[in-house]
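The values are calculated or read from the model by the stated rules, or taken from the named source; none is laboratory data. These numbers were taken from a predicted model, which means no experiment stands behind them. Counting neighbours? That spans all protein chains shown, and the Cβs are built from the backbone with ideal geometry, glycine included.
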Amino acid sequence: MSILDESMKKIILILIVFTFVSQVDAQYSNRWKRYRYEIVSGIGATNFLGELGGADKEGTNFIRDFEFSMTRPAISVGLRYRILEKLSTKVALTYGILRGDDKTTQEKFRHNRNLNFYSHLIEFSGQFEYSLIKEKIGHRYNLRRVRGLKGLKLNTYLFAGIAGFWFNPYGKNPSTDEWVALQDLGTEGQGMVGSREKYNRFQVAIPFGIGFKYGFNREWSVGVEFGLRKTFTDYIDDVSTTYYDNAELAAIDPLIAQMADPSLGEVSGQTAVNQQRGDPSDYDSYMFLMITLNYKLKTTRKGLPKFGMHRR
């Protein structure tokens, strides 16, 4: 047999192997289309970034003013849909509690102000997710010594979108320690003069962040997601502009005056009319850190999610 014949056999064998591998790879690379839908549930924590509390220095912007002790619980549920292999959309409903308190800071002006709040938060969001590390869906089981048939790998993704949320701030009455709804009171003169309108408790936010996801098999995975929300309101904590005339507030209702100015009296003149109470140039923000449990739904031939147990 000639050397040429041997070379041709090798070439033909290589072509056969390459064709087979290409077909297998194409089969597995398109497997994600069979699992476009994913139910997402999460439990974790939320934290508020605004005027109240924060670092032991003059109010700073965004995450530099983080106060760990004001972290509160949060839960969520949602549905993810894969548009492309590395691009997904997700809609989610999230509930959390936001909290802030000037007693947590030693910065003298903020500490003397002595304001506090908490608010229930309900958020509905829609976002796009882009996978930096492609999610691989292989064999149903993680079999040892079986190459190419491993389960899901660690998936890393970035996300951004838009959200609508509802909040309703409460402050603690310094005389009774009872929590009082603040929006109706108008603690900064909202609704009493034309230049200070009452704020809307329904607002819009921009969510963005990063997530990590690890799969046990082709259906179940766990993940961690950290997201910030940049809002377009400065009244989540009911604090934004300047002090209103407290004598005028007291004439309307003594409770309004109490909630508007519960200061400690440690800084002379700080709470006089038109003195700074908040910072309207910097909108409020909040964040979520969620541990997620995800379950993939098989896609039907019509492109709809198939509920129920998957066939083994």
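General observations
- Scope the stretch 210-219; condition touching a residue at least 60 places away in the same chain (Cβ under 8 Å) and within 22 Å of the chain's Cα centre (by Cα); matching residues: G211, K213, Y214, G215
- Qualifying residue in the stretch 86-99 (condition: modelled with pLDDT of 60 or more, surrounded by 16 or more Cβ atoms within 10 Å (Cβ to Cβ) and either more than 23 Å from G161 (Cα to Cα) or not assigned by TED's automatic domain parsing to the domain that holds L228 (or both)): yes
- Scoring G223 on the criteria (1) within 22 Å of the chain's Cα centre (by Cα); (2) under 23 Å from F48 (Cβ atoms) leaves a single failure, condition (2).
- Strands (runs of 3 or more DSSP E) contained in the stretch 154-231 and holding at least 2 residues at pLDDT below 95 and in the same structural domain as L115 (by TED's automatic domain parsing): 155-167, 202-215, 220-231
- Tally, over the stretch 250-298, of residues that are of a type in the set (S, T, Y) and closer than 30 Å to S76 by Cα: 5
- Residue match in the stretch 30-46 (condition: at pLDDT 70 or above, part of a helix (DSSP H, G or I) and within 23 Å of the chain's Cα centre (by Cα)): no
- R229 vs. criteria closer than 30 Å to L297 by Cβ, touching a Ser or Thr at 6+ places or on another chain (Cβ under 9 Å) and basic (K, R): yes
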